[in-house]
Amino acid sequence: MSEVGEFNMQYLKKEIRNKILASAIDEFKEHGYSDASIRNIANNAEISLGNVYRYFTNKEALYFAVINPFMESIRQSIEKDFAFEGKSMKEVSEVLVAFLMQYSDELIIIRKGNTVHYDSFVKYIVKVIAQKLKLMLEENFPEIDVKITNPDFAASVAEGFLTSLFLVLDGGDSADVQERYIRELITFYFGHMKDRFYHFDLD
């Protein structure tokens, strides 16, 4: 086979693989991992079922091929963009909203996927949010360790925010509406931090 022929063959293989992955993303987003159908993925990609299995041995392998790049992209984005030190809450919110809207499909797929990956992802995101919340509290309240004695306080707030966020992403609203709802959540959970603990006494 000529070099041109080999190049075209490689291109076609990559194109077919990408069509399968694109169809799989829609299927996993719609039905989750357990109820997703390889046959539906093949039909929607307009590729034979047997050809799908030439590229991916089973549904689990296809699912991993979908979520692994997502997980890596999300981790890299968090490590790069979520360096919150020295940023105002408004600046943090803008970064967070942009991030969540960019990866909304990925978040839904991971959430609807198998329990192991979902739990691992949630723990990771909660840890990131909790770390930022703790930093903001310490900056605004020098006596925060006296005001808040629960060592899991930041993680609890972060989990509450994430649960609320998933409700928004699962709502099926337009991107503009979702963005508005996310901003409302951010304001409720993290807005006006300087006023949070100075207006009442916990003792």
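The values are calculated or read from the model by the stated rules, or taken from the named source; none is laboratory data. Keep in mind that this is a model prediction, so the values were computed, not measured. A quick note on method: Cβ atoms are made from the backbone with ideal geometry, for glycine too, and the neighbour counts reach across all protein chains shown. SASA here: full protein model, heavy atoms, side chains in, ligands and nucleic acids out. Shrake-Rupley method; radii C 1.70, N 1.55, O 1.52, S 1.80 Å.
Okay, residues lined up against (1) modelled with pLDDT of 80 or more; (2) of a type outside the set (Gly, Ala, Ser):
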residue: Phe141; (1), (2): no, yes
residue: Asp145; (1), (2): no, yes
residue: Ala158; (1), (2): yes, no
residue: Ser174; (1), (2): yes, no
residue: Phe188; (1), (2): yes, yes
residue: Phe200; (1), (2): no, yes
Of the conditions (1) at pLDDT 75 or above; (2) surrounded by 15 or more Cβ atoms within 10 Å (Cβ to Cβ); (3) closer than 20 Å to Val177 by Cα, the single one that Leu96 does not satisfy is (1)
Filtering region 48-69 down to residues that are open to solvent by less than 20 Å² (accessible area, probe 1.4 Å) and either of a type in the set (S, T, N, Q) or free of Cβ contacts under 8 Å to residues at least 40 places away in the same chain (or both) yields Val52, Phe56
Scanning region 99-126 for residues that are more than 11 Å from the chain's Cα centre (by Cα) and part of a loop (DSSP other than H, G, I, E, B), the one modelled with the highest pLDDT turns out to be Lys112
When every residue in region 160-172 that is surrounded by 10 or more Cβ atoms within 10 Å (Cβ to Cβ) and modelled with pLDDT under 85 is compared, the one nearest to Gln102 (Cα to Cα) is Leu169
